[in-house]
Amino acid sequence: MGYVLSAVARVLEQPTAWGAACEMALLAGPLWAAALVGLLLGWAWRPRWAAGIVAPAADPPQLATLDFWRAQLPARIRAPLDYLAGARQQEQEQEDDEASLQGSPEMANEDLAVGKADLVNLWRLVEGNDGGPAWIKMMEKALPNMTYQAWRRDPQNGPPQYQSSTIFENATPDEVRDFFGDDEFRMSNKWDDMLISHQTLEECETTGTMKVHWVRKFPFFCSDREYIIARRIWKLGSAYYCVTKGVPCSSIPRRSKPRRVDLYYSSWCIRAVESRRGNGGSTACEILLFHHEDMGIPYEIAKIGIRQGMWGCVKRIEPGLRAYQKARAAGEPPSPSALMARINTKVGDNFVRGLESNSDQDIMEAEEKPVKNRMARFLVLGGAVALACTLDQGLLTKALIFGVARRFVGQRNTL
């Protein structure tokens, strides 16, 4: 320690930068010489594991892996690294499970899919903490087996946004999920009489993500509109979160008629709720809908038209749902789009707790970060330990090793 301190003092005493550089070279020279001598001596009396490196073998050892070099460290240094490696392996398995749900050859372009950021946004809308303007109540209607409420808000930019709550008696979330995802039944039953054609463009049988082409009719003073939408359903607990939004599509060229709607968002949360009949059971099903789109007409005119025609469209949903339930009870097979609606991405409790604690951004960032270069981390760690062992065998070595270990543990959240 005295030699090191005196050498540092000589460097600081130099009046010029060149003199300081020369003194630093004199200080580093013996250290590098000692390191080279140690390397030569160590190779001359190399242990069995090192001899195996140079011996010919059918499968040469993987020198660039962190596991190989970690096994050569002393037990006291290897223990915390083994703990970190085990935790990292568990995280990697979770990432691999999630990656297997992110797509297939049919949905290889992530720009066409619906991702977790959309799920987080919908969850915030459902919980009422998305940070948008306050909702203004528009109407409240009821049928014998259905209740309906609607709200509207006007953001600073973009079209008006709508929220609705529809509660169906004697219905399950699975039935309502299949019902709203069944494009074929929409057409045949005509409960959604604005839909005049539909076509499935792409689908992923792993995640249930679909890209669909819709053409919808508008009142006589507007031409028909076409939509290219992607939709995907997640399951959080017993509730379903379905995100549907407009996406680009180069395979279908634009036409003057029908006019394409680019800005489109229509997503909902389906969950079981207690019946308003007071029987104490969750025999009813609520669907919370969040919808907005830019139809290409002035917003004020669109608001008047939507307000006048909203209830007329909504009240046809309940008879359509009952007809759907009867068809399923009679053994009618589900359509292809209904089968796709049954393919959901299940989200674990940890993700939900992260959302509730407002830490979903950290979760998203952790999932999107690429795996760091393991060899680079090893070089940093090995260089620090080697330098500590070269400088001193006392307190300085322990302090440096402890500092490196603490730094390595500090990277736990970024792995």
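The values are calculated or read from the model by the stated rules, or taken from the named source; none is laboratory data. The structure displayed is predicted, hence computed values, not measured ones. Cβ placement follows ideal geometry from the backbone for every residue including glycine, while neighbour counts extend to all protein chains displayed. These area figures cover heavy atoms from the full protein model, side chains too; ligands, DNA and RNA do not enter into them. Shrake-Rupley method; radii C 1.70, N 1.55, O 1.52, S 1.80 Å.
Scanning region 198-206 for residues that are part of a loop (DSSP other than H, G, I, E, B) and of a type in the set (Ser, Thr, Tyr) turns up at least one hit. So, Arg124, is that one at pLDDT 90 or above, surrounded by 14 or more Cβ atoms within 10 Å (Cβ to Cβ), within 30 Å of Gly354 (Cα to Cα) and touching a Lys or Arg at 6+ places or on another chain (Cβ under 8 Å) or not? No: the conditions fail for Arg124.
Okay, residues lined up against (1) among the basic types (Lys, Arg); (2) at pLDDT 90 or above; (3) closer than 27 Å to Leu339 by Cα:
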| site | (1), (2), (3) |
| --- | --- |
| Lys235 | yes, yes, yes |
| Lys257 | yes, no, no |
| Tyr265 | no, yes, yes |
| Trp268 | no, yes, yes |
| Asn279 | no, no, no |
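Just the residues that are open to solvent by 30 Å² or more (accessible area, probe 1.4 Å) and either within 31 Å of the chain's Cα centre (by Cα) or hydroxyl-bearing (Ser, Thr, Tyr) (or both), please, taken from region 164-193.
Ile167, Thr172, Asp174, Glu175, Glu184, Ser188
Pairs are defined by a Cβ separation below 8 Å, a sequence spacing of at least 6 or placement on different chains, a first member in region 294-320 that is within 20 Å of Asp193 (Cβ to Cβ), and a second member that is open to solvent by 30 Å² or more (accessible area, probe 1.4 Å) and among the polar types (S, T, N, Q); the pairs so defined are Glu318/Asn145; Gly320/Asn189. Number of residues in region 257-267 that are open to solvent by 30 Å² or more (accessible area, probe 1.4 Å) and farther than 17 Å from His198 by Cα equals 1. Taken over region 135-169, the criterion of being in a loop (DSSP other than H, G, I, E, B), out of contact with any Pro (no Cβ under 9 Å at 6 or more places or on another chain) and within 24 Å of Met295 (Cα to Cα) is satisfied by Trp135, Asn157, Gly158, Pro159, Pro160.
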